[in-house]
Each structure stands twice: as C-alpha cells, then as structure tokens.
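J.: First, the structure itself, so that you have it in front of you.
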Amino acid sequence: LESVVEGTGDGAEGAPPAFSGVPADRLHAVVAALREVATAPAEPDALFDLAARAVRDLLRADTVVVAVPEGDRSVLRTGVAIPENMPPSIPLAGTTAGAAFLTGRPVLVEDAYSADAPTTPQLNRRMGFRSSVVVPLLDAGRAFACVSALSRRRGAFDERDLAVLALVTDVLSSRLAHAVALSERSKASSALRTTTQRLRAAQELSGLGLWSWRQATGELTVDARMRALLGLAPEEEVTVNRVLGAMDPADTALVRSIGARCLSERVPGQGIVRVPLADGSTRWLAFWADVDLAPDGTPGGVWGVMQNVTEREEAAAALRTSEEHFRISFDRAPVGMLLVRLGGDRHGRILRANPAWSAMLGFSEEESQAMEPGAVLPPAERPGALDAVRRMQQGLLTRGTAELRVRHRDGHEVDVRIEAAVAPDAQGRPSYVVCFVQDLTQQRRTQQELERLALYDTLTG
C-alpha cells in the first residue's frame, strides 16, 4: 500500500493495474481506507461496519448496506445511514443484490426506477433510492456477502466508483475470510471446552467411569473413576485380564460376549457385573459399551462407561425379598385376604384373593377377580361398603372394620369380620386396599352355645 501511495504522484499513471480505474483525486483516500481495512482486527462485525463507513465516504453515497444471503433472501447485516423504512431482508430474485450473489460479479445501476434495470423499481421508489452499485464479497469463488452503495440521485455512480468499491471489497473479502476462519476456530475451540466441561460435570454428578479398548494393540485405557470403581490402585497397570480379574468370575463371560457382539454386529450392549470387595461386600456396576469405528468405517475397538449401581441393586433385591415375603404370607394366611383396587378402570374390584378366601366362600381367585364391586355382599350392605371404598380412594378414610354377611358360592350366607387398610403408591396416593376377612361362623356357633348353656337348667331340662 505504501508503494502505491508513493508512486502515484499527481495522477494514477504510476499505480498498479488494480488501481487503474480509480480517480487520482481519490487514490490516497482509497489507499488509506484499504490500509485501515487491512490492519483492522479480524472480527467480522467490526470489519463489516468499517467497510460500510469507508465506502460511504469514498463514493459519497447516501446509504451503504452490507447483506448476506440466507435461503432465497438477502438479509441486512449492517450499514450506514439506513432509512427507517428499509426492510430487514429482500428477495434475491429481481434485485441487484440477488444478481451479485448469483453471478459473483459487480452490478452498476444508473436508474433504479427503470424497468430495464436488474432491480425492483417498486422497492426502490418506496425507499427513494435512484441509483446503486453492488459488489459481492467472494471466498473461493462463492459470494458470502455483498456491499451496496445507494444514492437518491440518478446516475450518482459510474465505472470509477465501481472500481473503487471493487478494490475495497477485494481487500475486505480476504480479511473477512481470515476473520471468519479465526472465528469458526475460536467457536469450535470454545464449543469443545464447553462440551468437555459439561462432560466432566455430568461425569462427576453421575459417577461414571470411562474406558476404551483398541483392537489393533489390545490397549485398555481407563480413567481415575473407573479405577476406583474396580478397586484398582492409581499406579497399577491396567489390562483386560486385570479388569476381568476384579470382577466376579461368573460375570466375565457376559462382559466378553457383549464386547465381541459390539465388534461383530456394531451394536451397543449393556449389563451388570459384581466386584467383590476386601471387606466381604459386593459392589454392583452397570456398564454400557459401543463399537468405536475407525475413519474408514471399520471397527477399531470398543468404548463405554461404568456406573456404581449398588444401592439400586440392593434396594431392588430388598424389594424382591419383601414382595416374596408378602406373597408367601398372603398365600399361606389362615384368614382370607384380598387386594382391592382403588381408582382407574378396576376401581373397587378384587385384584388378588388368597386360598383361604376361596375356601371360605367357594369362589376361585379368577372368579373373584371377575366380580362386580360388592357382588358378594347382600344388597342392603353394598351402598355402605362401596361408599367406604370411595372415601378410601379419596383419602378420607385409611382403615376400617366391619362385621357383615357375605354370599357363599352355593348361595348361603357366611358371617365375617373385615379389616381393611389403604396401601399407598410411591407418591403416597391411595393405590389399593388390603382386606383381612375372618370367618365368624364357628365363633358365632360357640357364642350361641354358651348363651344356651347359660340359660339351660340341667336339673329341670
């Protein structure tokens, strides 16, 4: 740039060919503008703003606009002296910006109101622009933006203005391409740091251990958390055999088969293994594995994560034990037991009935489950019993006791005592009712016999 300034003299004869179309009286100003653009920070928005101001001063334009293509529209990025009625975007079709983006060449319009011009006269009339010069910014032959100088005067721009604008945009294109590359690298680096930080945070919160195995070398890599989960010392050498050796021998076949399936079928797998600890307890570890593909698409190894799920597995085992105890107690109870549903489609219906209930009333469990609510009760007893079930479902009643008569399968009535208690679900909402049903027949007979003996005189009969 300095050589251009020094070699111009009073005219443009000493300028390089690229400056041949630039008027001599503006050459110093052009060079100064180019120097400012060339030395400005590599930041796209700042470069766009700088170029818009420089072009306005050099071409004495009323308005300068920098736009970028988005889909089928030219979208305003920045500008100088932009009128309030200028839309934020215009169609590419039928506009000078669209022609510049499509051809990658500058466009000069002397009369924007003319139907012969490559523009939209109605749009120009509405905004009051009579002439324009538009130059695209190119990167590898592709137009990624354009600079438009606009004037309210007819014929305000000529080939010399086009040459000035072409010079500015040529330097601007190079600077912007560099700036965008730096910006993209910066964004990618920032995104990578953010992703890494989030991964570490998620790993800390979830307690995940990471591991990977390379098929070509047989190398196994684990992180510090993975070592801790397996009970391996920080300085201990980690190999496949050492990791498998830390697990319960009964689980190693599962690990090997899932790893082999990941490689052969290229599908992920998961499982749970046990790690015996020095204190005699067992640590349960859930693992997830997937194939690691090489750049050519072939399996390069297997990677995955591992998580401590001991509390979950122990809770599940305790739940299974509790459920088994309840099942045994339910099935072997000497009194009748029922589970009655609260809410939903089966509200008030029997979900389960134990053998003692079936022996007491002659109905099988399947027959009991098919009954309408309150079907074994005498008609006079049903409204009160069903109301009690409704109140339990609403949380107004949690337990209750009643003595009443129920219908046997063969038609006779049986005196029973029913004790009922509400069982909530995991959210504390009423889920079902546990009913204990005691046959009072023998008790009533004994009571009647005692009453008879109390009133009967054995001497007089």
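The values are calculated or read from the model by the stated rules, or taken from the named source; none is laboratory data. This one's a predicted model, so the numbers in the text were calculated from it and none came from an experiment. Note: ideal-geometry Cβ built from the backbone for every residue, glycine included; neighbour counts use all protein chains shown. With ligands, DNA and RNA removed, areas are computed over all heavy atoms of the protein, side chains included. Shrake-Rupley method; radii C 1.70, N 1.55, O 1.52, S 1.80 Å.
J.: Plugging the Kirkwood radius over Cα pairs into Stokes-Einstein for the chain, at a temperature of 10 °C and a viscosity of 1.306 mPa s, what D comes out in µm²/s?
T.: Numbers: Rh = 32.1 Å.
It comes out at roughly 49 µm²/s.
J.: Sort H28, H347 from largest to smallest accessible area, using a 1.4 Å probe on the heavy atoms of the protein chains. List each step's numbers first, then the result.
T.: Working: H28 100, H347 65 Å².
Output order, biggest surface exposure first: H28, H347.
J.: When only Cα pairs under 8 Å and 6 or more residues apart are kept, what is the percent relative contact order across the range 329-391? List each step's numbers first, then the result.
T.: Values: 77 pairs, mean separation 17.2, N = 63.
RCO, the range 329-391: 27 percent.
J.: So, one more: Testing the spin-label approximation: label points 7 Å from Cα along Cα→Cβ at A426 and R399. State their distance in nm.
T.: The answer from the label model is 2.6 nm.
J.: Another one. List, in order, the whole-Hz ³J(HN,Hα) value for each residue of the range 384-401 obtained from phi through the Karplus relation with A = 6.51, B = -1.76, C = 1.60 and θ = phi - 60°; use x for Gly and Pro.
T.: x, 5, 5, 5, 5, 5, 4, 5, 5, 5, 7, x, 8, 9, 10, 7, x, 9
J.: How many nm separate the modelled label positions at E419 and V240, each set 7 Å beyond the Cα in the direction of the Cβ?
T.: Spacing of the two 7 Å Cα→Cβ label points: 6.2 nm.
J.: Still on this structure: Could you tell me what % of all Cα pairs in the range 46-87 have separations over 13 Å?
T.: Details: 459 of 861 pairs.
Roughly 53 percent, rounded to a whole number.
J.: Are there trypsin sites (Lys or Arg not before Pro) in the range 366-461 that DSSP puts in a loop and that have at most 16 other Cβ atoms within 10 Å, and which ones? The partial results should precede the final answer.
T.: On the way: sites: R390, R391, R399, R405, R407, R409, R417, R444, R445, R452; in loops: R409.
Counting only loop positions with at most 16 other Cβ atoms within 10 Å, the trypsin sites (Lys or Arg not before Pro) in the range 366-461 are R409.
J.: Shifting gears a bit: Sort largest first and round to whole Å: the equivalent ellipsoid semi-axes of the range 411-457, each the square root of five times a Cα gyration tensor eigenvalue.
T.: 39, 11, 5
J.: Once amide H atoms are built 1.01 Å from N in the peptide plane, which residues 5 or more positions from R283, or in another chain, come under 5 Å H to H?
T.: V275, L277
J.: Then there's this: Could you grab the relative contact order for the range 261-381? Cα pairs under 8 Å, six or more apart, rounded to a whole percent. Before the final figure, lay out each step's value.
T.: On the way: 165 pairs, mean separation 16.9, N = 121.
14 percent.
J.: Related question: Ignoring any ligand, DNA or RNA, what whole percent of the accessible area of the chain comes from carbon and sulfur when the probe is 1.4 angstrom? If you can, show how the numbers build up before the last one.
T.: On the way: 13730 of 26030 Å².
Solvent-exposed carbon and sulfur of the chain make up 53 percent of the total.
J.: In Å³ and rounded to a whole number, note down the convex hull volume per residue for the Cα atoms of the range 234-325.
T.: Working: hull volume 12.3 nm³, N = 92.
Given the Cα convex hull of the range 234-325, per-residue volume reads 134 Å³.
J.: Count neighbours as other Cβ atoms within 10 Å of each site's Cβ, and list the GluC sites (Glu not before Pro) in the range 261-357 that are DSSP loop with at most 10 such neighbours.
T.: Values: sites: E265, E311, E313, E314, E323, E324; in loops: none.
Here no GluC sites (Glu not before Pro) fit, given the DSSP loop and packing criteria.
J.: Jot down the per residue volume, in cubic angstrom and as a whole number, of the convex hull over the alpha-carbon atoms of the range 328-461.
T.: 138 Å³
J.: Per residue, how large is the accessible surface of the range 87-127? Use a 1.4 angstrom probe and give square angstrom. Provide the component values of the computation, followed by the final result.
T.: Numbers: 2210 Å² over 41 residues.
Result: 54 Å² of accessible area for each residue.
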